[in-house]
Number of protein chains: 2
Amino acid sequence: MYRIGELAQRYQVKTDTLRFYDKQGLLTPLSRSASGYRIYTESDADRLRFILIAKETGFSLNDIAELLSIELDKANWACADVKAVVDSKLDNLTAKIAQLSNFKNALQRLSDACCGGPESAAHCSILENLESTEAAIRFEKRSH
Amino acid sequence: MYRIGELAQRYQVKTDTLRFYDKQGLLTPLSRSASGYRIYTESDADRLRFILIAKETGFSLNDIAELLSIELDKANWACADVKAVVDSKLDNLTAKIAQLSNFKNALQRLSDACCGGPESAAHCSILENLESTEAAIRFEKRSH
DNA sequence: CTTGACCTTGGATTAGACTCAAAGGTTATA
DNA sequence: TATAACCTTTGAGTCTAATCCAAGGTCAAG
């Protein structure tokens with residue numbers, strides 16, 4: 001059982017942020033004290049940890065809310081619905097990873113092409129090395 | 001040789017956006033017409049294509065500018081400098097991909113755990129399935 | 001009984017990336 | 001030669017996401 005300030009300090013966020021997450025339905029403590037103070041449990045802490053990590057991974061708060069809405073009342077979801085939501089996020093992630101990998105490969109080619117010495121970089125062309133990437137991405141898009 | 005409107009239409013961006021990219025130094029046409037119109041070449045088009053793709057891949061305009069600054073006057077860069085810039089971006093990408101993959105694995109586990117039928121989703125726990133991911137991410141961070 | 005943590009509501013801020021307005025000059029075509 | 005569609009500049013406005021702050025009030029611990 002933590003009060004807002006304790007939880008905030010533990011995870012290095014502002015109390016304002018926690019109140020904001022509450023308002024957004026991302027992290028609503030189960031109960032309040034008699035005087036209205038938010039009371040966070042260990043499972044709220046888990047949830048917060050998840051939020052912070054997901055955020056760092058690049059999910060927006062909206063995405064995260066969608067993912068967490070499953071957790072909130074699992075019993076009222078059908079297994080198939082959960083699978084659908086999750087699989088959709090999975091597709092996004094897969095596409096994103098592919099895109100990043102393409103870009104990474106292109107940069108890798110560029111890096112490899114550079115000798116790394118004090119010589120002029122006249123032959124290090126980003127645009128040149130990225131061409132095949134672009135083609136790959138364009139192809140991928142058509143296939144969706 | 002395109003005028004701003006032609007290039008804009010070709011890549012489905014606003015002319016305003018192209019002027020903005022010009023102002024930001026991201027895409028500055030080599031020359032102007034006698035009357036001051038921006039004149040874009042095919043290589044500017046390549047550059048724009050690169051910008052659009054990089055943007056979609058999640059790079060900020062600042063990142064992109066940094067990458068493209070190499071192209072602009074390659075001759076004045078040492079090979080080693082190019083390598084340094086590029087390798088830094090590569091590191092970012094590698095980390096990002098790892099993070100996304102972790103998350104993806106966790107979601108995959110969740111999806112697998114869901115039977116996908118009309119049954120209650122009481123046992124589909126995102127938080128549960130993400131625990132190992134969190135551990136992995138935390139570990140990764142410490143090692144930097 | 002003071003001080004600091006908490007509460008609420010409502011508005012301000014920040015960053016990034018545009019997007020528009022105003023006032024005018026240019027070019028293609030009927 | 002008119003007129004629409006294009007272009008120029010400067011400077012300001014918009015939008016979203018995610019906070020962050022302020023004012024005015026309540027609560028808890030020493």
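The values are calculated or read from the model by the stated rules, or taken from the named source; none is laboratory data. None of the values given here were measured: they were computed from a predicted structure. Using ideal geometry, Cβ is built from the backbone for each residue, glycine included, and neighbour counts are taken over all protein chains shown.
Within segment A:22-47, the residues that satisfy the criterion of being more than 8 Å from DNA strand D (Cβ to nearest atom) and closer than 19 Å to A:Leu67 by Cα are A:Asp22, A:Gly25, A:Leu26, A:Leu27, A:Thr28, A:Pro29, A:Leu30, A:Ser43, A:Asp44, A:Ala45, A:Asp46, A:Arg47. Checked against the criteria, A:Ser35 counts as away from every other protein chain (no Cβ under 14 Å), near DNA strand C (Cβ under 8 Å from one of its atoms) and modelled with pLDDT under 95. The residues on offer are B:Leu27, B:Leu68, and the sole one that is more than 9 Å from chain A (Cβ to nearest Cβ), within 15 Å of DNA strand C (Cβ to nearest atom) and in contact (Cβ under 8 Å) with a residue 24 or more places away in the chain is B:Leu27. Just to verify a result, which residue in segment A:53-97, among those that are among the polar types (S, T, N, Q) and modelled with pLDDT of 85 or more, is surrounded by the most Cβ atoms within 10 Å (Cβ to Cβ)? Checked segment A:53-97; the qualifying residue surrounded by the most Cβ atoms within 10 Å (Cβ to Cβ) is A:Thr57. Scanning segment B:44-65 turns up one or more residues that are facing chain A (nearest Cβ under 8 Å) and over 18 Å from A:Asn105 (Cα atoms).
When residues in segment A:41-54 are screened for being closer than 15 Å to A:Lys14 by Cα and within 16 Å of DNA strand C (Cβ to nearest atom), 2 of them pass.
The lone criterion from (1) more than 21 Å from B:Lys96 (Cα to Cα); (2) in the same structural domain as A:Cys124 (by TED's automatic domain parsing) left unmet by A:Lys23 is number (2).
Among the residues examined, B:Glu66 does not qualify as among the acidic types (Asp, Glu) and touching a strand residue (DSSP E or B) at 6+ places or on another chain (Cβ under 9 Å). Output yes when any residue across segment B:9-21 is more than 15 Å from DNA strand C (Cβ to nearest atom) and more than 21 Å from A:His123 (Cα to Cα), and no when none is. Within segment B:9-21, one or more residues are more than 15 Å from DNA strand C (Cβ to nearest atom) and more than 21 Å from A:His123 (Cα to Cα). When B:Ala34 is tested against (1) of a type in the set (A, V, I, L, M, F, W, C); (2) surrounded by 14 or more Cβ atoms within 10 Å (Cβ to Cβ); (3) out of contact with any Gly (no Cβ under 6 Å at 6 or more places or on another chain), just one condition goes unmet, and that condition is (2).
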